[in-house]
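Visitor: One structure follows; several queries about it will come next.
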Amino acid sequence: MKRRDFIQQTAAASTLIGLGGLGLQSFATPPKKITILHTNDVHSHIDAFGPEDGRNANKGGVARRASLIEAIRKENPNTLLMDAGDIFQGTPYFNYYGGELEFKLMSMLKYDVATIGNHDFDNGIDGLYAQLPHADFDFISANYDFKNTIMDTHVKPYKTFTKEGIKIGVFGLGIQLDGLVGKDMYKETVYMDPIETAQEMTRVLKETERCDLIICLSHIGYYYKNSPEKVCDLNLAKATKDIDLIIGGHTHTFLPKPTVVKNIEGKNTLVNQVGCYGINLGKIDFYFDADKNKAAEGTSIIV
Amino acid sequence: MNFKHLLVVASVLIFTSCKQENHLYRIEGKQIQITDSLQANSDVEAFIKPYREHVNKNLDSVLAYSVDTYSKNDGEYNTAVGNFMADAIYEQANPVFKKRTGKDIDFVLLNHGGIRSILSKGNVTARTAYGLMPFENSMVVVDLKGAQVKELLEYLAKAKRAHPISKLKLAIDADFNVASASLHDSPIDFNKNYFVLTNDYLYNGGDHMDFFKTNDSLYDLDYKIRNALIDYFKKVDTINPVIDDRFIQLKN
C-alpha cells in the first residue's frame with residue numbers, strides 16, 4: 001500500500017506542475033534532444049590501427065566505438081545510429097567472411113539504419129544479399145531501384161523513427177554504379193538521379209509522413225574538386241529543401257567540422273562526413289522545443 | 001470516479017489536448033575521435049576474438065620461403081620483386097586464359113606503384129600477398145593492336161620507372177627511345193594483335209596507361225592479383241627472383 005501511495009502522490013505532483021505550466025505558457029514541456037550518431041566508409045576496419053601505422057596509429061576499432069556509443073546512449077536514450085555505406089572491403093576480415101562480421105558487429109552496436117556504398121557490391125549483389133541475415137538493422141536507398149534484383153523488397157527508400165514524440169525521417173542515396181562497380185556485380189540495379197529523388201523524398205517525409213527532422217544518408221560523395229558540377233552532398237544540399245542533415249560518405253572526407261550550406265530556400269542544411277575506417281564518430285544533437293517563440297528566433301547551429 | 005481517476009484523465013488531457021508542435025531551435029555538431037583513451041567494450045572484443053584468431057592463423061600460415069629481401073627500389077628498369085610479381089601472375093593467369101580462349105597471353109604489364117611492400121626474407125604467408133597487393137584489383141587480358149603495343153613500349157621508354165613486365169624484353173636508349181623490343185625472343189610485329197595481361201586498374205587508365213583504351217576486346221579473368229600471388233606461393237617452395245635484362249637502358 002505504501003508504494004501505491006507514493007505513485008499517487010507523484011502523479012498528483014506532476015499533474016500540478018503540468019497545470020501550473022499551463023497557466024504560465026501554453027506547454028512548458030522541457031526541450032527534447034535527439035542525438036544522431038554516424039559513421040561512413042568503415043571498410044571492414046574492425047580492429048584498431050596498430051601503434052606502428054604511419055597515418056592512423058592507435059585510432060579506430062569497433063570495440064572502442066561500442067563503448068563510446070553506449071555512453072552516449074546512456075546520456076541520451078533518444079539516439080539514432082547510422083552508417084553511410086562502404087561497410088565492406090579493406091581488411092582480410094571481408095575477404096575471409098564476406099561481410100558477416102561487419103554486419104554482426106553493427107547489429108551488436110545497435111545500428112538503426114545504413115545505406116549502401118559502391119564497395120558493398122564488391123562480392124556482387126548476391127554477396128550483399130547473402131549477408132543480410134546478419135544485419136539487425138535496415139538498409140535504405142531511395143535512388144537504387146532493386147526491383148529486378150535479388151535485393152528487391154530488402155531495401156526501403158526511407159525509414160521513420162519516433163523518439164519522444166519527435167518524428168525523424170531518414171532516406172538513403174547511392175552513387176552512380178556505372179564505371180565504379182562492374183555491371184556483373186550490381187546487375188539490374190537501376191540508379192536514379194539523386195537530386196530528383198531527394199526532392200521527392202523530402203516531399204513525402206515532410207508532407208505525408210509529417211516528420212520533424214529529415215536526414216539524408218548519402219554515399220554520393222562530399223564534393224569533387226575536379227568536377228564541381230558533379231552531383232555531391234554540397235550540390236544536393238543547395239538544390240533541395242527541408243533536409244536538416246546530410247550524412248555523407250564515399251569521398252573519405254575528413255572535415256574539421258560539419259558544413260553549413262544554404263538550401264534552395266536559403267535555409268541552413270548541415271552536411272557532415274567523418275573520414276573513413278571508423279576513426280571518428282559523428283555526433284549531431286538536435287534540440288526541439290514546443291515553444292514557437294524560441295524557434296522563431298531561428299535555429300542556432302553550433303559546430 | 002475517484003480522485004485518482006480524475007488525475008489520470010487530467011494527465012491524459014494535458015498530453016493530448018493539442019498535437020505537440022516541435023520546433024527545432026538548436027543544433028550542435030561535433031566529431032569524436034576513436035582513440036586508445038576509450039575503453040574497448042569487452043563483449044564486442046570477445047565476439048571478434050575467434051574471427052581474428054582464425055584470420056591471423058590463416059594469414060600467417062607459411063606457404064613458401066623467400067631467400068632474400070626484395071624491394072621495388074632495388075634495380076633500375078627491372079626489379080626482382082617486380083619481376084617476381086609479373087612472372088607469377090603470368091603463370092597463374094595463362095592456364096585460365098588458355099582454357100577459356102585456347103590462346104596464350106603474349107606478355108604482362110603491371111605498374112611499379114602497384115607493388116605496395118617489400119618481399120621480406122624468410123617465411124612467406126598470405127599476409128605477404130596482402131602486403132604486396134592490398135587492393136582488390138583483378139587480372140584482365142587486353143587484346144591490343146600492334147599500334148597500341150607500340151604506344152605501350154614508348155610509354156615504358158619515357159616513364160623512367162621499373163614497371164614490372166614479363167615475357168616482354170625491352171631495351172631503351174640513352175634518350176629514352178625504344179632501342180629494341182621482343183616477345184619470346186622474336187621481334188614484335190606491329191601489324192599483329194597481342195594479348196596483354198594487366199590489372200583492371202591500369203586497364204581503366206590508371207597511371208595514364210591510356211593505350212589500353214583502344215583495344216579489340218577485353219577478357220576479365222575474375223581472378224584477383226592477390227589471390228594469384230597466394231596461389232603461386234602455395235605452388236612453389238622457394239621465392240628467389242633476380243634482376244635480369246628484360247627491361248634495360250643501353251649506355252650510349
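The values are calculated or read from the model by the stated rules, or taken from the named source; none is laboratory data. Computed from a predicted structure; not experimentally measured. Neighbour counts are summed over all protein chains in view; Cβ atoms, including those assigned to glycine, are modelled from backbone coordinates with ideal geometry. Surface areas here come from the heavy atoms of the whole protein model, side chains and all, with no ligands, DNA or RNA. Shrake-Rupley method; radii C 1.70, N 1.55, O 1.52, S 1.80 Å.
Visitor: Which ones in segment B:162-190 are surrounded by fewer than 16 Cβ atoms within 10 Å (Cβ to Cβ) and outside any strand (DSSP E or B)?
Guide: Passing the criteria: B:Asp173, B:Ala174, B:Asp175, B:Phe176, B:Asn177, B:His184, B:Asp185, B:Asp189, B:Phe190.
One line per residue, one yes/no per condition, for (1) within 30 Å of B:Leu202 (Cα to Cα); (2) within 21 Å of the chain's Cα centre (by Cα); (3) free of Cβ contacts under 8 Å to residues at least 40 places away in the same chain; (4) open to solvent by 60 Å² or more (accessible area, probe 1.4 Å):
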| site | (1), (2), (3), (4) |
| --- | --- |
| A:Asp122 | yes, no, no, no |
| A:Gly172 | no, yes, no, no |
| A:Thr189 | yes, no, no, no |
| A:Tyr222 | yes, yes, no, no |
| A:Asn226 | yes, no, yes, yes |
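Visitor: Of these, B:Ile34, B:Ile14, which one is within 14 Å of chain A (Cβ to nearest Cβ), modelled with pLDDT of 95 or more and either on the phi < 0 side of the Ramachandran plot or open to solvent by 70 Å² or more (accessible area, probe 1.4 Å) (or both)?
Guide: Within the list B:Ile34, B:Ile14, the selection yields B:Ile34.
Visitor: Among the residues of segment A:28-72, write down those that are open to solvent by less than 10 Å² (accessible area, probe 1.4 Å), touching a helix residue (DSSP H, G or I) at 6+ places or on another chain (Cβ under 9 Å) and of a type in the set (S, T, N, Q).
Guide: Answer for segment A:28-72, where residues must be open to solvent by less than 10 Å² (accessible area, probe 1.4 Å), touching a helix residue (DSSP H, G or I) at 6+ places or on another chain (Cβ under 9 Å) and of a type in the set (S, T, N, Q): A:Thr35, A:Thr39, A:Ser44.
Visitor: Right, next: Only one of B:Leu59, B:Leu109 is open to solvent by less than 40 Å² (accessible area, probe 1.4 Å), within 14 Å of chain A (Cβ to nearest Cβ) and among the hydrophobic types (A, V, I, L, M, F, W, C); which?
Guide: B:Leu59
Visitor: Tell me which residues, restricted to segment B:75-91, are open to solvent by 10 Å² or more (accessible area, probe 1.4 Å) and under 19 Å from B:Phe195 (Cβ atoms).
Guide: Residues satisfying the conditions are B:Asp87, B:Tyr90, B:Glu91.
Visitor: Suppose the filter is surrounded by fewer than 24 Cβ atoms within 10 Å (Cβ to Cβ) and in contact (Cβ under 8 Å) with a residue 24 or more places away in the chain; does A:Asn272 pass it?
Guide: Spelling it out, it is not the case that A:Asn272 is surrounded by fewer than 24 Cβ atoms within 10 Å (Cβ to Cβ) and in contact (Cβ under 8 Å) with a residue 24 or more places away in the chain.
Visitor: Can you tell me how many residues within segment A:124-141 are open to solvent by less than 10 Å² (accessible area, probe 1.4 Å) and within 14 Å of another protein chain (Cβ to nearest Cβ)?
Guide: The qualifying residues number 1.
Yes/no matrix, rows are residues, columns are (1) at pLDDT below 95; (2) over 21 Å from B:Phe84 (Cα atoms); (3) open to solvent by 60 Å² or more (accessible area, probe 1.4 Å):
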site: B:Tyr194; (1), (2), (3): no, yes, no
site: B:Asn204; (1), (2), (3): yes, yes, yes
site: B:Asp210; (1), (2), (3): yes, yes, yes
site: B:Lys234; (1), (2), (3): no, no, yes
site: B:Pro241; (1), (2), (3): no, no, no
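Visitor: Tally the residues that are open to solvent by 10 Å² or more (accessible area, probe 1.4 Å) and not in a loop (DSSP other than H, G, I, E, B), restricting the search to segment A:78-101.
Guide: 6
Visitor: Same structure, new question: Applying the selection to segment A:242-259, what residues are at negative phi, more than 9 Å from chain B (Cβ to nearest Cβ) and either of a type in the set (Val, Ile, Thr) or surrounded by fewer than 24 Cβ atoms within 10 Å (Cβ to Cβ) (or both)?
Guide: Those that are at negative phi, more than 9 Å from chain B (Cβ to nearest Cβ) and either of a type in the set (Val, Ile, Thr) or surrounded by fewer than 24 Cβ atoms within 10 Å (Cβ to Cβ) (or both): A:Ile243, A:Ile246, A:Ile247, A:Thr251, A:Thr253, A:Thr259.
Visitor: Moving on to the next point. Please tell me if B:Glu45 is at pLDDT 95 or above, facing chain A (nearest Cβ under 7 Å) and touching a helix residue (DSSP H, G or I) at 6+ places or on another chain (Cβ under 7 Å).
Guide: yes
Visitor: Being at the interface with another protein chain (Cβ under 7 Å from one of its Cβ atoms), charged (D, E, K, R) and not in a loop (DSSP other than H, G, I, E, B) narrows it down to one of B:Glu28, B:Glu91, so name that one.
Guide: That would be B:Glu28, the only listed residue that is at the interface with another protein chain (Cβ under 7 Å from one of its Cβ atoms), charged (D, E, K, R) and not in a loop (DSSP other than H, G, I, E, B).
Visitor: In addition: I'm checking my understanding of the structure. Among residues of segment A:155-170 that are open to solvent by less than 80 Å² (accessible area, probe 1.4 Å) and part of a loop (DSSP other than H, G, I, E, B), which one is farthest from the other protein chains (Cβ to nearest Cβ)? It would help to see each step written out before you state the result.
Guide: Pass one, segment A:155-170, residues open to solvent by less than 80 Å² (accessible area, probe 1.4 Å): A:155, A:157-161, A:163, A:165-170.
After this cut, where a residue has to be part of a loop (DSSP other than H, G, I, E, B) as well, the list is A:157, A:165.
Working: A:Pro157: 23, A:Gly165: 5 Å.
Ranking the qualifying residues of segment A:155-170, first place goes to A:Pro157.
Visitor: Would you kindly identify the strands (runs of 3 or more DSSP E) lying entirely within segment A:246-303 that contain at least 2 residues that are of a type in the set (D, E, K, R)?
Guide: Output list reads A:280-289.
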